[in-house]
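The values are calculated or read from the model by the stated rules, or taken from the named source; none is laboratory data. Since this is a predicted model, take the numbers as computed values, not measurements. For neighbour counting, all protein chains shown are included, and Cβ atoms are generated from backbone atoms with ideal geometry for every residue, glycine included. The protein model used for the area step is the full one, side chains on, heavy atoms only, and it has no ligands, DNA or RNA in it. Shrake-Rupley method; radii C 1.70, N 1.55, O 1.52, S 1.80 Å.
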Amino acid sequence: MPEKMHFTRMDEGTDEDFNILKRVHENTLKQLPDLLMGMLNDLSGDQAYNLNRKEHSLQAATRALRDGANEELIVVALFYDVGEAQGPMNHGEIAAAILHPFISEKNYNMIKYHGLFQTYFFAAHLGLDPNAREQYKNQPWYQQTVDFCAKYDEVSFDPAYPNEPMSRFEPMVRRLLDKPWRPPASVRT
C-alpha cells in the first residue's frame, strides 16, 4: 500500500506527512520527461496543417539542433507548443509554466510570449496587428523570441523537411529535466 499523508488541513501536517509529499514530488519529476513526450505524441492527431503539431515540434527542434543551438534551447523548441491541446490561446504560457523550473528566464519568456510574436507572420490575414510584439521591444528576451519564431517556429510546417526522430532528443530531455525537487522559488530563502 502506498504511503499516505494523514492530515485534512496542511497546517496540521507533520514532518512525516511532508516527507511523503516530497517523495511524491520527486516521483512526479522522474515521470515528467515521459509525460511531456506523451503530450507531444498526443499532438500527432492534428491534421489541419501540412504536418501534425508533433511533427511541427520535431521539426522546430531539428532546426535548432542543426543550427547549433544549445541543448536547453533545443528541448524548448521541442516542447514550446506542447500546451496547444490544453489551451490554444495561451499554449505558450502552459509550456512555459511546466518548463520554468528547468530553463533560463529568457527561454521561459520566449516560450510564454512566442504565440504573440508568431502573429507577426499571419496577423494581417486576420485583421490583427502584426506588430503587437513591439510592446516587448525593451525586454531582454525580445530579440531571442523574434529569432526563435523566424528560424524555428514559422518555417517548421514543411512535410519535406527531414526531421530527427524523437529518440534523438530524448537524452537531452532527460538531462534538462533531471533536477532534484525543490520548493517553489517563492518559498526558498
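One table, with the values for the structure above:
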{"item": "Unmet requirement for residue 96, which otherwise passes all of (1) over 11 Å from the mean Cα position of the chain (by Cα); (2) modelled with pLDDT of 90 or more", "result": "(1)"}
{"item": "Index of the failed condition, residue 152 passing every other in (1) open to solvent by less than 20 Å² (accessible area, probe 1.4 Å); (2) aromatic (Phe, Trp, Tyr); (3) modelled with pLDDT under 95", "result": "(3)"}
{"item": "Top-ranked residue of the stretch 33-81 - restricted to ones that are farther than 18 Å from residue 115 by Cα and among the hydroxyl-bearing types (Ser, Thr, Tyr), ranked as modelled with the highest pLDDT", "result": "62"}
{"item": "Residues being outside any helix (DSSP H, G or I) and either among the charged types (D, E, K, R) or surrounded by 14 or more Cβ atoms within 10 Å (Cβ to Cβ) (or both) - total across the stretch 37-60", "result": "3"}
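Residue-wise test of (1) open to solvent by less than 10 Å² (accessible area, probe 1.4 Å); (2) without any contact (Cβ under 8 Å) to a residue 12 or more places away in the chain; (3) outside any helix (DSSP H, G or I).
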position: 19; (1), (2), (3): no, yes, no
position: 63; (1), (2), (3): no, no, no
position: 83; (1), (2), (3): yes, no, yes
position: 88; (1), (2), (3): no, yes, yes
